[in-house]
1. Taking the Cα centre of the chain as the origin and placing charges on Cβ (Lys, Arg +1; Asp, Glu -1), which of Ala35, Leu63, Leu94 is farthest toward the positive end of the dipole?
2. Under a 5 Å amide H to amide H cut-off, with H placed in plane at 1.01 Å, what residues pair with Ala225 once short-range neighbours are removed?
3. According to the square roots a ≥ b ≥ c of the eigenvalues of the Cα gyration tensor, what is the shape class of the stretch 1-133, taking rounded for a/c under 1.5, prolate for a/b larger than b/c otherwise, and oblate for the remainder?
4. Calculate, in nm to one decimal, what Arg188 and Ala225 gain on full extension: separation in residues at 0.36 nm each, minus their alpha carbon distance.
5. Debye sum, Cα scatterers, the chain, no solvent: what log₁₀ I/I(0) at q = 0.09, 0.11, 0.13, 0.16 1/Å?
6. As a footprinting exposure proxy, order Glu135, Glu36 by other Cβ within 10 Å, with the fewest listed first.
7. At 222 nm, what helix-only mean residue ellipticity would the chain give, in deg cm²/dmol to the nearest 500, using -39500 (n - 2.57) for each DSSP H run of four or more?
8. Got a sec? How would Ser250, Ser27 order by Cβ neighbour count within 10 Å, fewest to most?
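Just so you know, all these numbers are worked out from the coordinates, no wet-lab data involved. If you're wondering where the values come from, they're calculated on a predicted model, not measured in any experiment. Because the Cβ atoms are built from the backbone with ideal geometry, glycine has one as well, and the counts that use them run over all protein chains shown.
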Amino acid sequence: MTAAVHTEEAGHQGPLLLCLHGIGSSSAAFAPQLAELGRHARVVAWDAPGYAKSADPEAPLTLDDYADTAADLIRSRGGHAHVLGVSWGGVIALRLAVRHPELVASLIVADSSPGSGTDPEKAAAMRARAAELAEAGSRTFAERRAPRLVSERAPADLVRRVTDTMADAIRLPGYGYAAASMAAADLRDELPRIAAPTLVLCGDQDRVTGPDASQALAGAVHKTAYVIVKDAGHLANQEQPERFNAWVLSHLRITARIPA
């Protein structure tokens with residue numbers, strides 16, 4: 001078991017929406033969702049174990065450990081949730097739906113993939129990130145990586161926010177454990193087992209995982225809708241929050257029957 005994780009929360013009524021951030025981020029990435037979707041749902045965004053305000057894990061964590069920690073969080077909030085995962089968070093959400101289907105009312109998987117373990121080169125690059133972070137430090141590491149997470153036309157203030165969020169969130173050993181979990185992940189054989197209704201979203205200018213990976217997810221999970229978010233890079237939820245939130249809200253109106 002890992003220590004309790006820090007969460008940011010908004011809303012007091014409606015279905016529970018659990019938000020799981022990407023590998024270089026934190027709950028701060030979901031500020032637009034907390035502000036808007038919190039008017040319709042109980043929105044909970046975590047700092048994953050070893051990130052931002054959450055405690056460092058005492059031992060390495062696998063993808064199953066992250067999924068089980070998310071499951072504990074859902075149980076502590078009533079035992080049923082719609083789960084929104086971005087990138088690495090989407091991989092955790094998918095694994096959560098396989099391991100604990102009774103807890104997952106639906107999935108929203110954004111700019112994600114079946115895992116880096118589907119490609120040896122991608123897996124090796126993911127495993128190398130911990131050493132890069134150790135050498136560069138969190139600020140320089142973030143300044144190198146953050147601009148690629150948004151589209152080339154993203155405003156400078158968004159690039160700064162993404163950079164600051166990453167620099168404030170990541171540290172060792174937590175980031176290294178997360179990278180190792182992503183490098184080992186290959187969910188292709190498990191995706192057809194997911195029964196939860198699933199919305200797959202992807203920025204049309206995602207240069208990290210890209211539309212092909214999102215299409216692979218949508219094609220493998222039985223109950224899916226697939227949406228391209230225009231004028232957005234890898235962090236579509238931050239770069240085009242109005243469009244992103246509108247699709248999530250539409251999904252929740254169908255799956256959770258929240259009022260229009």
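1. Working it through, the farthest residue towards the positive pole turns out to be Ala35.
2. Amide H neighbours of Ala225, under 5 Å, 5+ apart: Thr198, Leu199, Val200.
3. Working: a/c = 1.62, a/b = 1.56, b/c = 1.04.
It is prolate, given that a/c is not under 1.5 and a/b is the larger ratio.
4. Numbers: separation 37, 0.36 × 37 = 13.32 nm, distance 1.78 nm.
Fully extending the segment from Arg188 to Ala225 adds 11.5 nm.
5. Values returned for q = 0.09, 0.11, 0.13, 0.16 Å⁻¹ are -0.33, -0.51, -0.73, -1.19.
6. Glu135, Glu36
7. Details: 11 runs with 112 residues, N = 260.
Rounded to the nearest 500, it is -12500 deg cm²/dmol.
8. Working: Ser250 14, Ser27 26.
Exposure proxy ranking, most exposed first: Ser250, Ser27.
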